Amino acid sequence: MDEPGLQYPGEALRSWLRQFAKTPVAEPTLRLLVVLADTVFFASLGREEGEATRVRIAYHAQGLPGLQAVRETVFIGGARGHRQAWETLPLEPKSSITDFSVEALVKLAPAAHLPRTAVVVGPRDGKLRIQGLARRVEYTEFHAEGEEDVFILHAPEPGHLVVSTQGREVFRYEQGAPVPPGRRVALHDLLFHEDSAVRSALLEHCATLVESLPKVQPLMGGNREWYVSNAVQGLIRKMGALHHGGLIAFLPKQHDMERFRTRGKYSLPQEQGSLLRERLKRFVQARADLINGAWRAEAGRAAGTEAPEDPELKKAAAEHDDKATESDFQALVESIGQLTAVDNALVLGPELEVLCAGYQIAIPRSGPPQVFEARTLQGRPGPHYPISQHGSRHRAAAVFANQHSGAIVFVASQDGPVRCLHRPPGKKKVLLWSLLLTED
């Protein structure tokens, strides 16, 4: 790697953090990160049982105990509490298993090839050691205490490296060099931030659904719009996690939905297509009953007017309903997201109605339309994006977004990042956002 312009990933990471880190990183930590980055990078070039190694490690200066001490804020009923942010599985300190090396990572990496799971690395006896496996629980909107000391190093495909902390990517290395900053936006921001053009379009698609959802105390369980964005986020994350490649298109209201139902390779009956939104409604209703009930009970205790029925029994029943409906809803999101493994597009209509899978998007002889990088969440157009450098799936996504004004299209290549394409109503330019997903 001594050609001009190419750097080893560790040295690229050191230079990057010195230049762009919001808070200075101490030199001893930098040296460790250099070793970690290079080891993960070279492990990603290995193969185990004929399969490429997708390596993910979690580093904490205190190793496994430090990871176990990270606490995340959650709301349970009406009370704010803390939970352990990482579920951990320690490994016995045997040198053949726990020596931190390229060979050891290649062997152990398949054990961590699960959502949000990583090989835990930390110092022991003056050396870096593999100390166990750990799985991060779902990230919440709150900062986890101690999370700033955790670094996730991930090789999503051979020769690539991603470094994250606190659920956010801070460094990406591809083709022998860092990816310039500002070229990617977080999926969470695209779907949840009030300034996002994509969020605004999605909520316009789902306006009737949003209005039909029960109101939840916003400080405790999120507003109604949050649940719709969260459902879409689950579908996109599932598509990305499959490492198969896929395309999901969300249609606005002014389209003939029956045409999509009949032309998809796998079409859903209308009553089945509405299942996603119906389960979402049941889930939000159960969450509202739990949180709003706890809120009212707390107000009643404060006013001395609490109902005579057993509050603990009522709370337990509400918590059971909440967990059951959430589990049912998440299982359905996973199943629908799995349909992206079918060739061609998974198409959803307004109000999260699932129309069909395997919908073929014809690319005209003239080729795909011009696509422009979105510079901001609001959709300010930037430079021309060479969409033809990608395969047929990306070109089809650009065509669909151009032909259906207001549609939102998410596309994933087999091992690359997820992208979003959208042509706002009344505009001529198809915009593209390259997305960051929180660590899977």
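The values are calculated or read from the model by the stated rules, or taken from the named source; none is laboratory data. Quick caveat: nothing in here was measured; it's all calculated off a predicted structure. FYI the Cβ positions are ideal-geometry reconstructions off the backbone, even for glycines, and counts take in every protein chain you see. These area figures cover heavy atoms from the full protein model, side chains too; ligands, DNA and RNA do not enter into them. Shrake-Rupley method; radii C 1.70, N 1.55, O 1.52, S 1.80 Å.
The table below gives the values:
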| read-out | value |
| --- | --- |
| 26 Å Cα-Cα threshold exceeded, pairs from LYS238/LYS323; LYS238/LYS265; LYS107/LYS127; LYS281/LYS428; LYS22/LYS94; LYS253/LYS429 | LYS281/LYS428; LYS22/LYS94 |
| Mean residue ellipticity (222 nm) of the chain, computed from DSSP H runs ≥ 4 via -39,500 (n - 2.57), nearest 500 | -12000 deg cm²/dmol |
| Where only alpha carbons of the chain are counted, the Rg and the Dmax (Å) | 23.3, 77 |
| Sum of side-chain charges, GLY358 neighbourhood, beta-carbon under 11 Å (Lys, Arg +1; Asp, Glu -1) | +1 |
| Most positive-pole-ward Cα, ALA21, PHE41, CYS356, against dipole of the chain from beta carbon charges | CYS356 |
| Net charge of Cβ neighbours under 12 Å - reference PRO383; Lys, Arg +1; Asp, Glu -1 | +3 |
| Contour minus Cα-Cα distance for ALA61 and ALA241 (0.36 nm per residue) | 62.0 nm |
| Most mobile listed residue (GLN19, GLN62, GLN233) in the chain, GNM with C-alpha springs under 10 Å | GLN19 |
| Stretchable slack from ALA331 to THR376, in nm (0.36 nm times residue separation minus alpha-carbon distance) | 12.9 nm |
| Axial C-alpha extent at least 18 Å, average Kyte-Doolittle at least 0.0 - helices from the chain (DSSP) | 27-44 |
| Net +/- balance of residues flanking LEU275 in space, Cβ distance below 11 Å, scoring K and R +1, D and E -1 | 0 |
| HIS82, HIS193, HIS160, reordered so the largest accessible area comes first (probe 1.4 Å) | HIS82, HIS193, HIS160 |
| Electrostatic dipole magnitude of the range 327-440 [Cβ: Lys, Arg +1; Asp, Glu -1; Cα centre; debye, to 20] | 920 |
| Tensor-based shape of the range 106-175 (alpha-carbon gyration tensor, a/c under 1.5 rounded, otherwise prolate or oblate) | rounded |
| The range 164-210 - charge dipole about Cα centre, Lys and Arg +1 at Cβ, Asp and Glu -1, debye rounded to 20 | 180 |
| Among GLN233, SER335, MET257 the positive-end extreme of the charge dipole of the chain (Cβ point charges) | MET257 |
| Electrostatic dipole magnitude of the chain [Cβ: Lys, Arg +1; Asp, Glu -1; Cα centre; debye, to 20] | 1240 |
